[in-house]
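Shown next, in structure tokens, is the structure this report addresses.
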Amino acid sequence: MNIIVCIKQVPAKDAPLAIAGNWIKEADIGFEMNEPDSFALEEALRLKEKHGGEVVALSMGPERVKQTIKEALAKGADRGIHVADENFHQLDPLGSASSLAAAIRKEKCDLVLTGLQSDDHGFGQTGVLLAGLLDLPHATIIMQIEVQDGKMRLKRELEAGWFQWMECPLPAVLSIQSGINKVRYATLKGIMAAKKKEISTIPRESLGVASETTQRVERIYVPTKSKKTEFLTGAPKEIAAKLVEKLKFEARVI
Amino acid sequence: MKILVVTEQRQGKWNNTSFETLAAAQTIARETSSSVVAAVAGKGIAALAGELAGKNVAEVLLIEHDLLEPYTADGFCVALKQVVESAKPDLVLLPHTYQVRDFAPKLAASLGKGMIGDCIGVRNDAGKLVFVRQMFQGKTAADVVFQGAAPWFASFQSGAFRADLVAPHPSGQAPVNKAGISLSPGQIRTKPLELFREAKQAVDLTQAPIIVAIGRGIKAPENIAQAEALAKALGGEIAASRPICDEGWLPMERQIGSSGQTVAPKLYLALGISGAIQHVVGMKGSRTVVAINKDQNAPIFEIADYGVVGDIFEIMPALTEAVEKAKAG
């Protein structure tokens, strides 16, 4: 089973964000593998261990994303593909997915995995768009994958505590729900082995994807506080009495 | 401008976020002199279409087909593409549900269009619609505009608009028209199987009007009973931030936040919750937020209407008693 995992590199969780127009200043911050994608990578590695085949880590972005591809290789991916684009963060979801789809078309694969969404843009559309662009069936928010007789039985998370089993043929695209598995750490042996693994680079402009976008982020900003907090003070009994007044006559919920 | 709202139902029951999105559409329509068409898709849903017709909309589109129940992404994309092509809306609005996330980006792409997903607001800047969504997990907001020609697709996060503000039809009922679509079994490649819940007494927190949520400040599982007593007195549901569910103190289905449920109750009472963004994205749409925390700098206070800096173990029992007394009297 040959699997391509789409992995994004995003600003580190604790990175201080300095806003610059419609993006952030990248100069002094660290980057890391998008956490939701790490669950997709782990799932790919587990499927490979069970069914054989190859895991390819696909990432798009500037030169720095090679570090994230290397991390995937150290964890057990067999090779990497880097779609190089210094201005990657300006792409809209469709432009981004179209570029990834063009790179995936060059490969022979049975399954494409993505994480649920990215921790930076948070568009959460890549997997579904890839399915549309590659004309493959898809499923999202997947909590379990069983492969049998050339098709998959999938556990899909719905809202409000509901789940659903579904069948999906291969090849397909799946968006993996965070928390589906416990992700592994790279071992020292894995890190050493990764040095010998191949990362092929494809300049994004060579993929022939149209450059007009469907949407544009005009600016980003720190959200203005919309609420004015009224603090209630006193002894616990007084606070309770004041709060009940508020809930009864202002919020009108009791 | 013509706005098409695609509502959501499952097995004849509304996803209530549909009405929030309808409220959003009515708001945009008022500001831009637009008309609103509401659509509902499925099987045996004429009654739901009738319910939509009672709202202030120009038309209701009933998209009935045997193959639209149960939901499949393929079925919905094929059907709704035809509906969009024949209704020719400028703007297609959807609630940002798990189901919409599963098909809407592909639907838009099949028409060569893009979707601005998970919006928390929209404004009319001199005739240009500016959609507001979050980036960096809520640490920043972003103003996003469409490029290129209509139709444009956008989805609204749960809690972004108020369902109770949906305007009724001014003179009775809007016309309900059946949307003619063709859909064959061969176009649906996935096969949905049984729906199930992991836990027996699963609860739909999105429908709860009052939620009492606990965070790390609850300290130990034996203290949860105090919060439950308060929830019971208020007639609400108990919920928690992620760490509490990761510890197994409450089931995962009661988790609020980016990896749990997104709720917008009338009252959200946060007990010992610091207000990390992963939690806040799941509850910031709540009508009234009360936060009780011993740390006066806890970010939860930034979105609280009423704040108490103090010990939850002193305030919980006092508040339970006061609520019971208020309800009795």
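Table: residues versus (1) among the hydroxyl-bearing types (Ser, Thr, Tyr); (2) without any contact (Cβ under 8 Å) to a residue 40 or more places away in the chain; (3) outside any loop (DSSP other than H, G, I, E, B).
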position: B:Phe131; (1), (2), (3): no, yes, yes
position: B:Ala142; (1), (2), (3): no, yes, yes
position: B:Ala150; (1), (2), (3): no, no, no
position: B:Gly159; (1), (2), (3): no, no, no
position: B:Ser171; (1), (2), (3): yes, yes, no
position: B:Asn177; (1), (2), (3): no, no, yes
position: B:Ile181; (1), (2), (3): no, no, no
Of (1) farther than 29 Å from A:Glu32 by Cα; (2) of a type in the set (Phe, Trp, Tyr); (3) at pLDDT below 95, A:Tyr185 satisfies all except one. Which?
(1)
Tell me the strands (runs of 3 or more DSSP E) entirely within region B:11-126 that contain at least 2 residues that are within 28 Å of B:Lys284 (Cβ to Cβ) and in contact with a strand residue (DSSP E or B) (Cβ under 6 Å, 6 or more places away or on another chain).
B:35-42, B:91-95, B:115-125
For region B:102-112, state whether one or more residues are surrounded by fewer than 24 Cβ atoms within 10 Å (Cβ to Cβ), farther than 24 Å from B:Ala174 by Cβ and away from every other protein chain (no Cβ under 14 Å).
no
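State whether one or more residues within region A:106-128 are hydrophobic (A, V, I, L, M, F, W, C) and farther than 23 Å from A:Arg79 by Cα. Talk me through it step by step, then tell me what you get.
Step one: of region A:106-128, the residues hydrophobic (A, V, I, L, M, F, W, C) are A:109, A:111-113, A:116, A:123, A:128.
Then keep just the ones that are farther than 23 Å from A:Arg79 by Cα; that gives A:123, A:128.
Looking through region A:106-128, at least one residue is hydrophobic (A, V, I, L, M, F, W, C) and farther than 23 Å from A:Arg79 by Cα.
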Test B:Glu194 against the criterion of being under 16 Å from B:Gly260 (Cα atoms), touching a Phe, Trp or Tyr at 6+ places or on another chain (Cβ under 7 Å) and either at the interface with chain A (Cβ under 7 Å from one of its Cβ atoms) or aliphatic (A, V, I, L, M) (or both), and give yes or no.
no
Those residues of region B:310-329 which are facing chain A (nearest Cβ under 7 Å) and among the aliphatic types (A, V, I, L, M) amount to B:Ile315, B:Ala318, B:Leu319, B:Ala322, B:Val323, B:Ala326
Is it the case that some residue within region A:70-79 is assigned to a strand (DSSP E or B) and within 25 Å of A:Gln90 (Cα to Cα)?
no
Which count do you get for residues in region A:159-187 that are more than 7 Å from chain B (Cβ to nearest Cβ), touching a Phe, Trp or Tyr at 6+ places or on another chain (Cβ under 9 Å) and within 27 Å of B:His96 (Cα to Cα)?
4
Hits in region A:75-94 (condition: small (Gly, Ala, Ser) and surrounded by 21 or more Cβ atoms within 10 Å (Cβ to Cβ))
A:Gly76, A:Ala77, A:Gly80
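Condition (residue is surrounded by fewer than 16 Cβ atoms within 10 Å (Cβ to Cβ), over 21 Å from B:Ser18 (Cβ atoms) and over 26 Å from the mean Cα position of the chain (by Cα)) applied to region B:150-162: is it met by at least one residue?
Quick first cut of region B:150-162, residues surrounded by fewer than 16 Cβ atoms within 10 Å (Cβ to Cβ) only: B:150, B:162.
Among the residues that remain, those that are also over 21 Å from B:Ser18 (Cβ atoms) are: B:150.
If we keep only those that are over 26 Å from the mean Cα position of the chain (by Cα) as well, we get none.
No, the conditions are met nowhere in region B:150-162.
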One residue is enough: does region A:218-230 have a residue meeting the conditions in contact with a helix residue (DSSP H, G or I) (Cβ under 7 Å, 6 or more places away or on another chain) and of a type outside the set (Lys, Arg)?
yes
State whether one or more residues within region A:176-183 are under 26 Å from B:Ile116 (Cα atoms), buried (at least 20 other Cβ atoms within 10 Å of the Cβ) and under 13 Å from the mean Cα position of the chain (by Cα).
yes
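Listed here are the residues, each with its yes/no results for (1) crowded, with 22+ Cβ neighbours inside 10 Å; (2) of a type in the set (S, T, N, Q); (3) more than 10 Å from chain A (Cβ to nearest Cβ).
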| residue | (1), (2), (3) |
| --- | --- |
| B:Leu94 | yes, no, yes |
| B:Met115 | yes, no, no |
| B:Ala126 | no, no, yes |
| B:Leu129 | no, no, yes |
| B:Gly148 | no, no, no |
Within region B:272-309, restricting to residues that are out of contact with any helix residue (DSSP H, G or I) (no Cβ under 9 Å at 6 or more places or on another chain) and within 8 Å of another protein chain (Cβ to nearest Cβ), the one that is modelled with the lowest pLDDT is B:Phe301
Can you name the residue in region A:119-157 that is of a type in the set (S, T, N, Q) and surrounded by fewer than 23 Cβ atoms within 10 Å (Cβ to Cβ) and is also farthest from A:Lys8 (Cα to Cα) among such residues?
A:Gln148
Would you be able to tell me the number of residues in region B:241-257 that are assigned to a loop (DSSP other than H, G, I, E, B) and at the interface with another protein chain (Cβ under 9 Å from one of its Cβ atoms)?
1
Could you count how many residues in region B:183-211 are in contact with a helix residue (DSSP H, G or I) (Cβ under 7 Å, 6 or more places away or on another chain) and surrounded by fewer than 14 Cβ atoms within 10 Å (Cβ to Cβ)?
2
Is there a residue being touching an Asp or Glu at 6+ places or on another chain (Cβ under 9 Å), at pLDDT 95 or above and within 13 Å of B:Leu93 (Cβ to Cβ) anywhere in region B:5-20?
yes
In region A:21-44, residue farthest from the other protein chains (Cβ to nearest Cβ) [restricted to those that are over 16 Å from A:Ser59 (Cβ atoms) and of a type in the set (A, V, I, L, M)]:
A:Ala27
Filtering region A:118-147 down to residues that are more than 7 Å from chain B (Cβ to nearest Cβ) and touching a Pro at 6+ places or on another chain (Cβ under 6 Å) yields A:Leu136
Over region A:191-227, the set of residues within 8 Å of another protein chain (Cβ to nearest Cβ) and either more than 23 Å from the chain's Cα centre (by Cα) or assigned to a loop (DSSP other than H, G, I, E, B) (or both) is A:Glu212, A:Thr213, A:Thr214, A:Val222, A:Pro223, A:Lys225, A:Ser226, A:Lys227
Sort out which residues of region B:216-240 are under 19 Å from B:Val281 (Cα atoms) and either within 10 Å of another protein chain (Cβ to nearest Cβ) or in contact with a strand residue (DSSP E or B) (Cβ under 7 Å, 6 or more places away or on another chain) (or both), and write them in order of number.
B:Glu237, B:Ile238, B:Ala239, B:Ala240
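For (1) free of Cβ contacts under 8 Å to residues at least 60 places away in the same chain; (2) under 24 Å from B:Arg133 (Cβ atoms), each residue gets a yes or a no:
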{"site": "A:Gly190", "(1), (2)": "no, no"}
{"site": "A:Ala194", "(1), (2)": "no, no"}
{"site": "A:Lys197", "(1), (2)": "no, no"}
{"site": "A:Ile202", "(1), (2)": "no, no"}
{"site": "A:Val209", "(1), (2)": "no, yes"}
{"site": "A:Pro223", "(1), (2)": "yes, yes"}
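Among the candidates B:Cys119, B:Cys77, which residue alone is within 14 Å of chain A (Cβ to nearest Cβ), among the hydrophobic types (A, V, I, L, M, F, W, C) and closer than 20 Å to B:Phe131 by Cα? Spell out the reasoning first.
Working: B:Cys77 fails: closer than 20 Å to B:Phe131 by Cα.
Selected residue: B:Cys119, the only one of B:Cys119, B:Cys77 that is within 14 Å of chain A (Cβ to nearest Cβ), among the hydrophobic types (A, V, I, L, M, F, W, C) and closer than 20 Å to B:Phe131 by Cα.
The values are calculated or read from the model by the stated rules, or taken from the named source; none is laboratory data. What you see is a predicted model, and the numbers here were worked out from it, not measured in a lab. Backbone-built Cβ (ideal geometry, glycine too); neighbour counts: all protein chains shown.
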